[in-house]
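So the structure is just underneath, and the comments pick up after that.
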Amino acid sequence: MANIIDGKLISKQIKDELKEKVCELNKKGTEVCLAVIQVGNDPASTVYVGNKKKACEYIGIKSLAYELPEETTEEELIQIIEKLNQDDSVHGILVQLPVPKHINDENIINAISPLKDVDGFHPASVGALSIGKKGFVSCTPAGIIQLLKRSQIEISGKECVVVGRSNIVGKPMAMLLLRENGTVTVCHSKTKDLKAVCKRADILVVAIGKPKMIDASYVKEGATVIDVGIHRNENGKLCGDVDYESVEPVAGAITPVPGGVGPMTIAMLMNNCVESVLQEI
């Protein structure tokens, strides 16, 4: 019977710790401020943005909302970002992805100052992570490290397998596990005998984007399984990349979907906002 890793509980612990830090900053006359920009009205993005605003409110972070119409041009969006880059009262800038197809998301990410890149997507942030320098870390992988540490799951010396090589989760996840002295393998669509590689893992992080792809036959007895995926099944119920019912009896620890990795992403975004202020002091 696997230990269920409760992301809701751990994210609340982190948010409560941040609330105290923000309270101390407020006493010193510093108000932490996050600017959130959404272009268009993609329903999933609207939900995410709403959750980020709620988290800001809970912790005491001021949030500036820029809700822009679908037809906003790339130039207009970059002008807003540049204005926010220059605004000393704004500590973090977040552009909700995906942006409409006529806007190049790479240009948008590059336009955000690395000092305010609380998503951790800017090439300067990624470069800092890869050479072990200080910088903002992509929120989902950073949240997974916190889930492991706060669940007393040892990373050092463990065989860690990451399924997926995206810039947002897979690659930074591998670098963070390496930073914690894990022995890391990154799998992808061209990996030969994926099942055999996954079965070696003491810690298996699945971010492949395919509902319930990983079943018990991929999992070593007693392994920790972290499920990054989120989908709706044919009945409209949320599920992950891992077939939870199949894997849970085999795993030593597992994250549920929902309530596992998801809440941690927002908690770590809030953490990055507070860190951006603490770095200035």
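The values are calculated or read from the model by the stated rules, or taken from the named source; none is laboratory data. All figures in this text were calculated on a predicted structure; none of them were measured in a lab. Neighbour counts run over all protein chains shown; Cβ positions are idealised from the backbone, glycine included.
Residue count for region 20-36 under the criterion of being out of contact with any Leu (no Cβ under 7 Å at 6 or more places or on another chain) and either crowded, with 16+ Cβ neighbours inside 10 Å or of a type in the set (Phe, Trp, Tyr) (or both): the result is 4. Out of curiosity, is residue 191 surrounded by 15 or more Cβ atoms within 10 Å (Cβ to Cβ), of a type in the set (Ser, Thr, Tyr) and closer than 30 Å to residue 134 by Cβ? Considered against the rule, which asks whether it is surrounded by 15 or more Cβ atoms within 10 Å (Cβ to Cβ), of a type in the set (Ser, Thr, Tyr) and closer than 30 Å to residue 134 by Cβ, residue 191 comes out as no. Residue 192 meets the conditions (1) within 18 Å of residue 144 (Cα to Cα); (2) without any contact (Cβ under 8 Å) to a residue 24 or more places away in the chain; (3) among the basic types (Lys, Arg) in every case but one. The failed one is (1). Of all the residues in region 122-135, those that are part of a loop (DSSP other than H, G, I, E, B), within 18 Å of the chain's Cα centre (by Cα) and at pLDDT below 95 number 2. When you scan region 90-112, do you find a residue that is part of a helix (DSSP H, G or I), in contact (Cβ under 8 Å) with a residue 60 or more places away in the chain, of a type in the set (A, V, I, L, M) and within 27 Å of residue 19 (Cα to Cα), even just one? No, the conditions are met nowhere in region 90-112. Determine whether residue 91 is at pLDDT 95 or above, surrounded by fewer than 14 Cβ atoms within 10 Å (Cβ to Cβ) and either within 20 Å of the chain's Cα centre (by Cα) or of a type outside the set (S, T, N, Q) (or both). The answer is no for residue 91. Within the option set 31, 71, 75, being over 22 Å from the mean Cα position of the chain (by Cα), part of a helix (DSSP H, G or I) and at pLDDT 95 or above holds for one residue only, 75. Of all the numbered requirements in (1) in contact (Cβ under 8 Å) with a residue 24 or more places away in the chain; (2) out of contact with any Asp or Glu (no Cβ under 8 Å at 6 or more places or on another chain); (3) surrounded by fewer than 23 Cβ atoms within 10 Å (Cβ to Cβ), residue 156 misses one, and that requirement is (2). Specify the residue that is surrounded by the fewest Cβ atoms within 10 Å (Cβ to Cβ); the eligible residues are those in region 113-133 that are farther than 17 Å from residue 97 by Cα and touching a residue at least 40 places away in the same chain (Cβ under 8 Å). Here the answer is 132.
Go through the residues of region 249-270 one by one and say whether even a single one is at positive phi and surrounded by fewer than 19 Cβ atoms within 10 Å (Cβ to Cβ). Looking through region 249-270, at least one residue is at positive phi and surrounded by fewer than 19 Cβ atoms within 10 Å (Cβ to Cβ).
Of all residues in region 159-188, those that are crowded, with 22+ Cβ neighbours inside 10 Å and at positive phi total 1.
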